[in-house]
1. Over region 37-107, with the other protein chains present, what is the accessible area per residue in square angstrom, probe 1.4 angstrom?
2. Given H placed on each backbone N at 1.01 Å, which residues far from residue 154 in sequence or on other chains put an amide H within less than 5 Å of it?
3. Once ligands and nucleic acids are excluded and a 1.4 Å probe is used, how much of residue 26 is accessible, expressed in Å² to the nearest 10?
4. Taking the simple approach of a point 7 Å from Cα along Cα-to-Cβ for both residue 105 and residue 165, what is their distance in nm?
5. In degrees from 0 to 90, rounded to the nearest 10, what is the angle of the helix 56-66 Cα long axis to the longest principal axis of the chain?
6. If 51, 57, 20 are ordered by their accessible area, calculated over protein heavy atoms with a 1.4 Å probe, which sequence runs from highest to lowest?
7. Considering Cα pairs under 8 angstrom that are at least six residues apart, work out the relative contact order of the chain and quote it in whole percent.
8. Count neighbours as other Cβ atoms within 10 Å of each site's Cβ, and list the chymotrypsin sites (Phe, Trp or Tyr not before Pro) in region 93-170 that are DSSP loop with at most 12 such neighbours.
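The values are calculated or read from the model by the stated rules, or taken from the named source; none is laboratory data. All figures in this text were calculated on a predicted structure; none of them were measured in a lab. Because the Cβ atoms are built from the backbone with ideal geometry, glycine has one as well, and the counts that use them run over all protein chains shown. In case anyone asks, the SASA skips ligands and DNA or RNA and just uses the protein heavy atoms, side chains included. Shrake-Rupley method; radii C 1.70, N 1.55, O 1.52, S 1.80 Å.
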Amino acid sequence: MGLAMGVIDVVTAVYPGSFDPVTNGHVDIAERASKVFGRVVVAVLNNPAKDALFTVDERTEMLATALGHLPNVEIAHFSGLLVDFARQHGAQVIVRGLRALSDFEYEFQMASVNRKIGGGIETVFMMTANEYAFLSSSMVKEVARFGGCVRGFVPDHVARRLAEKFRPAR
Ligand code: ADP
């Protein structure tokens, strides 16, 4: 980078989420984070209590394709505490995306807890591009479930995977 980013270049950030599936909003945040931090670990949450459409392996594979153009981004998955995962991967920062105001309260709560138990880890919020401000994985799944077009919301390969999932069984 042309900017004086010396310090931040050595910082590893973890970008956690369900990514069920990855949307263009997630790609936008990962791209921004990859420009600011030396290394970004995108971490897929494996939460058996949460009903996911795609398996962790499927979500990881879609992320790897969607973010393959970013050389300093890796994909991993975790269960348990995010701060433990961050520590194991040498990450000093947690990156989260912020969309509309409605994200704020939940994110504020999580960041406060992670600060308390995280032993110095900082949460950094990045604002999404305006066009993705109302985009969520659940909205995309809802549209795809009823046969709507999700192009522009997700990468093309993800749109194909969604169509396959919801194709009526014959
Ligand atoms: P979670 O279940 O942890 O909220 P998500 O996969 O829905 O996981 O989101 C992961 C992260 O990406 C969160 O920080 C969320 O705010 C952010 N995010 C989701 N959709 C968008 C979007 N359209 N623009 C920017 N950030 C987003």
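1. Spelled out: the 1.4 Å probe surface of region 37-107, per residue, equals 53 Å².
2. The list, which skips near neighbours in sequence, is 24.
3. Residue 26 has an accessible surface of roughly 40 Å² with all protein chains in place.
4. Here the answer is 2.7 nm between the modelled labels.
5. 80 degrees
6. Largest accessible area first, the list is 51, 57, 20.
7. It rounds to 26 percent for the chain.
8. Here the chymotrypsin sites (Phe, Trp or Tyr not before Pro) that fit, given the DSSP loop and packing criteria, are 134, 146.
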